Amino acid sequence: MRRPQLRRRLVLEERVNTADGSGGFDVSWQPLGALWAEVKARTGREDFVAAGPHARVTCRIVVRGAPVGAPSRPRPDQRFREGERVFDILTVAEADPAGRYLEILAEERVRP
């Protein structure tokens, strides 16, 4: 594996559900910290929903490795944020046998 160029600062966020008093909950996102990453777009698609077209781009994100269970290791129930851009994490796996890097498959929601 070639050495990735970790030049983009992404903020790792975790979903927080807060009871709304009506039996439901409000969703917010809590920042956990920043990771330096390499981000490469892979494929894109467009879905049509009630509000109109909705585009999604699949991205390959590489960050430094972290052991399973470490707070700095991304999980599929989390997301990355880069300014207004949001990357929903789909999968996380070691990118190399030594575990020096993690390869993350994420989906960016593109607003029209």
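No lab work stands behind these numbers, since they all come straight from the coordinates. Treat the numbers as computed from the prediction; the structure is a model and nothing was measured. Note: ideal-geometry Cβ built from the backbone for every residue, glycine included; neighbour counts use all protein chains shown.
Model label sites at Ala55 and Trp29, defined 7 Å from Cα along the beta-carbon direction, differ in position by 1.9 nm.
Measuring nothing but alpha carbons in the stretch 52-112 and taking Rh as the Kirkwood radius, the Rg to Rh ratio lands at 1.04. Note that the chain, at 4 °C in a medium of 1.567 mPa s, gets a Stokes-Einstein diffusion coefficient of 85 µm²/s from its Kirkwood radius over C-alpha pairs.
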